[in-house]
Amino acid sequence: MTGVTTAFSSLLAPVFAQYVDLKRALGRRFDNETRTVQSLDRFLQDQANTYPDLSAAAFQAWCQTQEKVASGVRRHRMLVVYNFCLYRRRTEPQCFVPDPALFPKLHQRLRPYIFSELEVARLLRAVSKLNRVSSSPLRPEVIRLAIVLLFATGIRRGELLRLTMGDYDRRDSTLLIRETKFYKSRLLPLNRDIADDMDR
């Protein structure tokens, strides 16, 4: 197990730290989940006189601080705390564990819109008319290439935003996609037309 990498300050700080360290030692990045645990830790520290431990009332009060976010995000954060409580119960059988049946329901996912080739062609024509600006002298070309890559390769928006010139291998016509959704990298072969666009 790795050493403590994240600071916590409430009475549950040692358990929080052990939990985060365990998840990271198992290969999880655990960044968003760690922020959720830190949020709960700060709440318990600030409310130590009212809630000396993570109880049903403390959990309910913390959940009320999360009401500004979408229900799906709130549900995910509550599940992070639920999983932490299950971990804690291994050594403290009497500790509180929330009931996930009471968590907000998943919000309905938006149906993806699939652009037709005609719509993409219209987008590319519109992009060619974009003004160049001093901070982005290649603005029309860059946005054109972004649209082509998104449409023709199916890469995700975040993967596109992380691309650098060094990720393109001109000799093999491949694109290195780094830090994908599952924290793995992959080589993406490009067809000749896209490779030509990249070369230009």
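Each of 83, 155, 61 was placed along the dipole of the chain (beta-carbon charges, centred on the mean Cα), and the one lying farthest toward the positive end is 155.
Go ahead and run the numbers for FRET between residue 184 and residue 35, Cβ-Cβ distance against an R0 of 25 Å, rounding to 0.05. Spell out each step's value before the answer.
Values: r = 23 Å, r/R0 = 0.90.
For residue 184 and residue 35, the calculated efficiency is 0.65.
Shown here for the range 45-75: trypsin sites (Lys or Arg not before Pro) in loop regions (DSSP other than H, G, I, E, B) with at most 10 other Cβ atoms within 10 Å, namely 68.
Using a 1.4 angstrom probe on the protein heavy atoms only, line up 147, 177 by accessible area, largest first. If you can, show how the numbers build up before the last one.
Values: 147 30, 177 0 Å².
Largest accessible area first, the residues go 147, 177.
Between residue 49 and residue 164, the modelled labels are 5.1 nm apart [label points 7 Å from Cα along Cα→Cβ].
Between 114, 168, 131, the Cα set farthest toward the positive side of the dipole of the range 91-200 (charges on each charged residue's Cβ, about the Cα centre) is that of 131. From helices alone, the chain scores -15000 deg cm²/dmol at 222 nm; the rule is -39500 (n - 2.57) for each run of n ≥ 4 DSSP H residues, then divide by the residue total.
Report, in debye and to the nearest 20, how large the dipole of the chain comes out about its Cα centre when Lys and Arg carry +1 and Asp and Glu carry -1 on their Cβ.
Values: 33 positive and 21 negative charges, 82 e Å.
The dipole magnitude comes to about 400 debye.
For the range 90-99, putting each phi into the Karplus relation 6.51 cos²θ - 1.76 cosθ + 1.60 with θ = phi - 60° gives couplings of 4, 10, 10, x, 8, 6, 6, 10, x, 8 Hz, in residue order, rounded to whole numbers and with x for Gly and Pro. Only Cα pairs under 8 Å and 6+ residues apart enter the sum, and on that basis the relative contact order of the range 1-72 stands at 29 percent.
If you filter the range 96-199 for trypsin sites (Lys or Arg not before Pro), then keep DSSP loop positions with at most 11 other Cβ within 10 Å, what is left?
On the way: sites: 105, 109, 122, 125, 129, 132, 144, 156, 157, 162, 170, 171, 178, 181, 184, 186, 192; in loops: 105, 109, 129, 132, 156, 162, 170, 171, 178, 181, 184.
Filter output for the range 96-199: 105, 109, 129, 132, 170, 171, 181, 184.
A Cβ-based charge dipole, computed about the Cα centre of the range 37-104 with Lys and Arg at +1 and Asp and Glu at -1, lands at about 240 debye. Structural descriptor for the chain: relative contact order 11 percent, calculated from alpha carbon pairs under 8 angstrom and at least 6 residues apart.
Under the membrane-span-like helix rule (DSSP H runs whose alpha carbons stretch at least 20 Å along the helix axis, mean Kyte-Doolittle hydropathy 1.0 or higher), the chain yields 139-153. Each of [x] 34, 22, 16; [y] 28, 20, 17; [z] 46, 20, 16 is a candidate for semi-axes √(5λ) of the Cα gyration tensor in Å; the one calculated from this structure is [z]. Under the criterion of Cα pairs below 8 Å and six or more residues apart, the relative contact order for the range 71-118 equals 46 percent.
If exposed means no more than 10 neighbouring beta carbons inside 10 Å and the site is in a DSSP loop, what's the longest run of the chain without any exposed chymotrypsin sites (Phe, Trp or Tyr not before Pro)? Display every interim value, and only then the final one.
On the way: sites that count: 113, 182, 183.
Formally, the longest exposed-site-free interval is 1-112.
Modelled spin labels at residue 152 and residue 133, positioned 7 Å past Cα toward Cβ, are 2.7 nm from each other. Distance between the 7 Å Cα→Cβ label points at residue 126 and residue 82: 4.1 nm.
The values are calculated or read from the model by the stated rules, or taken from the named source; none is laboratory data. Just so we're clear, the structure is a prediction, and the values are computed from it rather than from any experiment. In this analysis, Cβ positions are derived from the backbone assuming ideal geometry, glycine residues included, and neighbour counts consider all displayed protein chains. The area values use the complete protein model at the heavy-atom level, side chains included, leaving out ligands, DNA and RNA. Shrake-Rupley method; radii C 1.70, N 1.55, O 1.52, S 1.80 Å.
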